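Each reported figure results from applying straightforward, stated rules to the coordinates on display, with no laboratory input. On a predicted model such as this, the values are computed, not experimentally measured, just so you know.
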Amino acid sequence: MSKLPNDRPGLDDPRNAAYAWTRFRRILLAMAATAMACALLVVAYLWGRDGPLPLVFIGLTIAGVWATIMMAALLMGLMFLSSGTGHDDQVEDRVGKDVLGEDEERE
């Protein structure tokens, strides 16, 4: 098992990876329920404001609101997964050395 400079094993350690992906799935499941609740609240608001809505409009509204929230949750979750497990620290920053002239080690 390779260690990182900050002594976090990253996603190379099977136990650490299993824990991180389980936590990620649990967060996405909670966000899916929250997104569905938000979508239903939007439909309820529109129904209360404009009266009865066509079924197609209800379905597309729920799908659009749910998909938008889930896309944001997925991308934000992957960002925190990558950062929290030390996966980001495994990437070598070649641009900083070659282009920007940074030669000192980052902390």
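Average projected area of the Cα convex hull of region 31-84, in nm²?
3.7 nm²
Please tell me the relative contact order of region 31-84 in percent, rounded to the nearest whole number, where contacts are Cα pairs under 8 Å and at least six residues apart.
50 percent
Any chance you could run the full-extension gain for T34 through A17? It's 0.36 nm times the residue separation minus the Cα-Cα distance, nm to one decimal.
Net length gain for the segment: 3.6 nm.
Would you kindly derive the ³J(HN,Hα) couplings of region 61-69 from the backbone phi angles with the Karplus curve 6.51 cos²θ - 1.76 cosθ + 1.60 (θ = phi - 60°), listing them in order in whole Hz, with x for Gly and Pro?
5, 4, 5, x, 5, 4, 5, 5, 5
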